[in-house]
Amino acid sequence: MNSSTAVVIGGGVIGLSTAYHLARKQFGKIILIDKGPVGDGASSRAAGIITGLLWSETGVLTRKKSLELYRELSQELEGYTFQDVGCLNLFDPPSWKDREKLLPLYERLAVPFEILDAAEMRRRWPALNPRDEFIGLLDPLGGYSEPHEYIPALTQKIRTLGIEIREDQKVTGFLMRNGRVMGVKTAAGDIEGDAIISTVHAWTPQVLEPLDLCFPMKSFVHQRYVTKPLTTAVNIPAINANPLGGYIRLAAGNRLLAGIETEAREEHRVTSTDFHMSMLSAPAELKEKIIREFVPLVPVLANTSWETEKIGLITFSMDGEPILGPVAKLPGFYIGTAFHSGGFAYNPVAGLLLAEFVVDGQPHIDVSPFSPDRFDSQNVDAYLATTVRQAEALHRRH
Ligand SMILES: Cc1cc2nc3c(=O)[nH]c(=O)nc-3n(C[C@H](O)[C@H](O)[C@H](O)COP(=O)(O)OP(=O)(O)OC[C@H]3O[C@@H](n4cnc5c(N)ncnc54)[C@H](O)[C@@H]3O)c2cc1C
């Protein structure tokens, strides 16, 4: 048995999954710390939609693994089921041009997909009424996970694997020895560790300040809504409706869940480690905007009204890819962040990759395009000095 200690900072889905995979790899002692209860950040607010049809080779390979792991977790976690409904990525003719170029990549990496015209989409899902010009790129392996089922189920699992979860303990600094990160400081005392893994999402800039570590990432407010129950059952896949700037899927209890982007909104800078996502707000008119945009596509949405709203932050790196792996200048320190609007989709594989870096020294997939060391410091400074609107940041959906 390994006698080392790993400290995972952040109890969102990335931190929970990292702790889970470290335990599966028989790492010695694993402590997961969150400043609130687990799932208190973006994870409990996510729509949980997942597609494997991303835009880079590394993205496609890692998501392929995520989808495999979600199916395994569905068997393994009590009270959790991966909703295997497929993910329909919608395009209009201008946006399809770029996506069409990726089809050879999907073929080469043996990732299944189907291209559907509007008539075929209406035939398969009578509740859907896409515009005649829409092109559907169906990911038959995609679907969604309900955060309120997945997070408690994974938390329960990692407890049974012997992981110590410390809630309501904020990490306030780091213990250093000979240029190596040797642990974390909290109000309740110092915790020594051989591997320190930071998965604090939008809090990353604040939390890593004492280490003089800075990554080119920006946060944006994002929101999603769930309706009251529908009176009749409908069958639709999870839909990334790119031409409508949002997404829609089924939700528990015969409800619909939909979210929309706010492209004109400026980035949100987290300026304190005490920041909490409950401090965010969304313009009231967004609820009507979603109805206006999505009723033509999913007409049954007109028969209900909104019941709940969830608002959180999504984070993007300068090149749009996640930031994941060891940090060369700080031996013993690892990071997983900036998963754009797809951190829920990435979490099973992100946790596995981080655990592989810690335990094996290298992961089973080459994720050098996600390396924390890939950025040039001058570009980072220039990028962070600007304030951008969401439309100007590289943004991808799920
Ligand atoms: C409205 C919305 C819809 C979304 N929809 C989707 C979707 O459909 N599909 C998808 O894949 N992704 C989606 N996302 C994105 C997804 O939610 C995130 O990418 C993912 O949850 C990030 O997980 P995380 O563990 O990195 O972050 P978080 O869940 O935010 O976890 C970070 C944790 O760190 C803790 N923390 C912070 N500072 C400290 C400290 N100093 N000490 C200790 N702990 C600390 C926080 O309390 C928090 O619990 C959505 C996001 C939003 C907001």
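The values are calculated or read from the model by the stated rules, or taken from the named source; none is laboratory data. Since this is a predicted model, take the numbers as computed values, not measurements. We place every Cβ from the backbone using ideal geometry, glycine too, and count neighbours over all the protein chains shown.
At-a-glance table
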quantity: Check on residue 378, of a type outside the set (A, V, I, L, M, F, W, C) and part of a loop (DSSP other than H, G, I, E, B); calculated: no
quantity: Subset of segment 1-51 (residues that are touching a Ser or Thr at 6+ places or on another chain (Cβ under 9 Å), of a type in the set (Val, Ile, Thr) and more than 12 Å from residue 351 (Cα to Cα)); calculated: 9, 30, 31, 33, 38, 49, 50
quantity: From the options 351, 343, residue that is crowded, with 22+ Cβ neighbours inside 10 Å, within 13 Å of the ligand (Cβ to nearest atom) and farther than 22 Å from residue 263 by Cα; calculated: 351
quantity: Among (1) within 16 Å of the ligand (Cβ to nearest atom); (2) part of a strand (DSSP E or B), the one test that residue 138 misses; calculated: (1)
quantity: Every residue from segment 271-305 that is touching a helix residue (DSSP H, G or I) at 6+ places or on another chain (Cβ under 6 Å) and crowded, with 17+ Cβ neighbours inside 10 Å; calculated: 293, 294, 301
quantity: Selection count, segment 326-347, where residues are more than 16 Å from residue 53 (Cα to Cα) and either in a loop (DSSP other than H, G, I, E, B) or in contact with an Asp or Glu (Cβ under 8 Å, 6 or more places away or on another chain) (or both); calculated: 7
quantity: Residue list for segment 310-319, filter: among the hydrophobic types (A, V, I, L, M, F, W, C) and more than 14 Å from the ligand (Cβ to nearest atom); calculated: 318
quantity: Counted residues, segment 320-337 - those being away from the ligand (no atom under 12 Å from the Cβ) and either loosely packed, with under 13 Cβ neighbours inside 10 Å or modelled with pLDDT of 95 or more (or both); calculated: 11
quantity: Residue in segment 142-151 that is charged (D, E, K, R) and under 26 Å from residue 70 (Cα atoms) present; calculated: yes
quantity: Residue match in segment 368-381 (condition: within 16 Å of the ligand (Cβ to nearest atom) and crowded, with 17+ Cβ neighbours inside 10 Å); calculated: yes
quantity: Strands (runs of 3 or more DSSP E) contained entirely in segment 213-309, each with at least 1 residues that are more than 15 Å from the ligand (Cβ to nearest atom); calculated: 217-227, 255-260
quantity: Single residue of 162, 136, 183 found to be touching a strand residue (DSSP E or B) at 6+ places or on another chain (Cβ under 9 Å), within 26 Å of residue 41 (Cβ to Cβ) and surrounded by 14 or more Cβ atoms within 10 Å (Cβ to Cβ); calculated: 183
